[in-house]
Amino acid sequence: MAGAAPTTAFGQAVIGPPGSGKTTYCLGMSEFLRALGRRVAVVNLDPANEGLPYECAVDVGELVGLGDVMDALQLGPNGGLLYCMEYLEANLDWLRAKLDPLRGHYFLFDCPGQVELCTHHGALRSIFSQMTQWDLRLTAVHLVDSHYCTDPAKFISVLCTSLATMLHVELPHVNLLSKMDLIEHYGKLAFNLDYYTEVLDLSYLLDHLASDPFFRHYRQLNEKLVQLIEDYSLVSFIPLNIQDKESIQQVLQAVDKANGYCFGVQEQRSLEAMMSAAMGADFHFSSTLGLQEKYLAPSEQSVEQEAMQL
């Protein structure tokens, strides 16, 4: 049947804490994908999302509304959102009926920002697991604010959250440092940008924390957290400025490689490009350097050197 839609579909599950830029990412990525010629369907799975800036193909608000749940069950925003996800999990036939006519589209799932949904609550993971059984190949795209890099303690927290999310969600995973154009609005980086994106030797970060009188008392705890992150050796980040096409393209290449889209028949791929993806030959070091020159102010001295002088 020449006119039949392909059975295998691809997409991204966009997750991350509140305010990390998930909805803005879905808008920017959908526009970029359409410019490439892909048919895109954006699915809103966040019942708290109002005034969506993108064209929404499926909206979970048609099934369950956060405001209605909060009023009916006397729940707060957090409890109401968890109930909404559990309700969606119990009514996945509704979601499948909405997604089936969109076969042949590339899906972007705008997910809720409740951190516990991605770290220990089972509803969202169960939804993702069920969608993979529908032959929907997803990559989890986890966004965190890049300004956390300016605070070593917050960066360690971000690393722990990202690691917990990767282990819990159980999908191919890409971590993003979002809002790169605003990274230095909250302070200067102690190290070069590649130190944070590649999560290099974190012992330097511990030494930097030791200079703070408050965190000096928690050095052993920080050492154990850093050891845990390095033992798993899973977390790394791709810097993202959603307004920069080159930055979006770099993210898309990583996502396509993770969910297998680059090996599919939807777009022509040469053998050389496929082997490059299979061997991991797409090095991002030069791209990271380019972003550092674009968004970070040059400094002759590092923060540590300035602190030593003080």
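Of all residues in segment 141-164, one or more are under 22 Å from the mean Cα position of the chain (by Cα), within 25 Å of residue 12 (Cα to Cα), open to solvent by 20 Å² or more (accessible area, probe 1.4 Å) and aliphatic (A, V, I, L, M).
Taking every residue in segment 94-113 that is of a type in the set (Lys, Arg) and pairing it with any residue that is surrounded by 20 or more Cβ atoms within 10 Å (Cβ to Cβ), at least 6 positions away or on another chain, the pairs with Cβ-Cβ distances below 9 Å are 96/131; 98/43; 98/58; 103/9. Whenever a residue of segment 127-141 is within 19 Å of residue 97 (Cβ to Cβ), its partners that are open to solvent by 60 Å² or more (accessible area, probe 1.4 Å) and of a type in the set (Lys, Arg), lying with C-beta atoms within less than 9 angstrom and at least six residues away or across chains, give the pairs 130/96; 131/96; 134/96.
The criterion of being within 17 Å of residue 136 (Cβ to Cβ) and surrounded by fewer than 17 Cβ atoms within 10 Å (Cβ to Cβ) does not hold for residue 52. Taken together, the criteria exclude residue 215 from residues that are within 18 Å of the chain's Cα centre (by Cα), surrounded by 17 or more Cβ atoms within 10 Å (Cβ to Cβ) and of a type in the set (Phe, Trp, Tyr).
Here is a yes/no grid of residues against (1) basic (Lys, Arg); (2) in contact with a Ser or Thr (Cβ under 8 Å, 6 or more places away or on another chain); (3) surrounded by fewer than 22 Cβ atoms within 10 Å (Cβ to Cβ); (4) outside any loop (DSSP other than H, G, I, E, B):
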residue: 94; (1), (2), (3), (4): no, no, yes, yes
residue: 97; (1), (2), (3), (4): no, no, yes, yes
residue: 113; (1), (2), (3), (4): no, yes, yes, no
residue: 121; (1), (2), (3), (4): no, no, yes, no
residue: 124; (1), (2), (3), (4): no, no, no, yes
residue: 137; (1), (2), (3), (4): yes, yes, yes, yes
residue: 166; (1), (2), (3), (4): no, no, yes, yes
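The values are calculated or read from the model by the stated rules, or taken from the named source; none is laboratory data. What you see is a predicted model, and the numbers here were worked out from it, not measured in a lab. Cβ coordinates were reconstructed from backbone atoms using ideal geometry, including for glycine residues, and neighbour counts include every protein chain displayed. For accessibility, only protein heavy atoms count, side chains too; no ligands or nucleic acids. Shrake-Rupley method; radii C 1.70, N 1.55, O 1.52, S 1.80 Å.
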